[in-house]
Amino acid sequence: MGPNPVAAISNVKFSKIFITIFIGLMIGIALAFLLEYLDQTIKEPPDVEKTLELPLLGIVPTIETDKAIIESSRTRAKLYWSRFAPFAPTLSILR
C-alpha cells in the first residue's frame, strides 16, 4: 500500500469550471456593451435632428407586418360571418 496523504486534495476541476464560466459571462457582457456603444444607427426622430443638424420635416409611418395583416383580416372575417349566426342551423342544412 502507498503512503497516507498528508494534505487534502484540492478540487481544481471545480475551480477551473467556475472561473471559466465567470470569464465567459464577463466577456459576453463586455461584448454586448461594446456593440451597443459602437452602434451608430438612427433610431428616434431627435437622433436625426442631432446627427444631421437639420429640422425634421415628417415621419414615415411603419407598415403593418404580415402577421398584423393576417390577424386583422381574421378579425374582419369573424365580424362578417357573425352577422349570419342566427341562420347558422339553416345554413348547415343547406350544405
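Okay, here's what the table says:
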{"read-out": "Farthest positive-ward along the stretch 1-62 dipole, Cα basis, beta-carbon charges - from Val12, Gly58, Leu31", "value": "Val12"}
{"read-out": "³J(HN,Hα) computed for each position of the stretch 16-26 - Karplus, 6.51 cos²θ - 1.76 cosθ + 1.60, integer Hz, glycine/proline x", "value": "5, 5, 4, 5, 5, 5, 4, 5, x, 5, 5"}
{"read-out": "Label point distance in nm, Phe33-Leu54, each placed 7 Å from Cα along Cα→Cβ", "value": "3.6 nm"}
{"read-out": "Ordering of 31-44, 14-27 by packing [mean C-beta count within 10 Å, highest first]", "value": "14-27, 31-44"}
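All of the numbers you see were taken from the coordinates with simple rules; none came from a lab. Small disclaimer: the values here were computed from a predicted structure and weren't measured. Because the Cβ atoms are built from the backbone with ideal geometry, glycine has one as well, and the counts that use them run over all protein chains shown.
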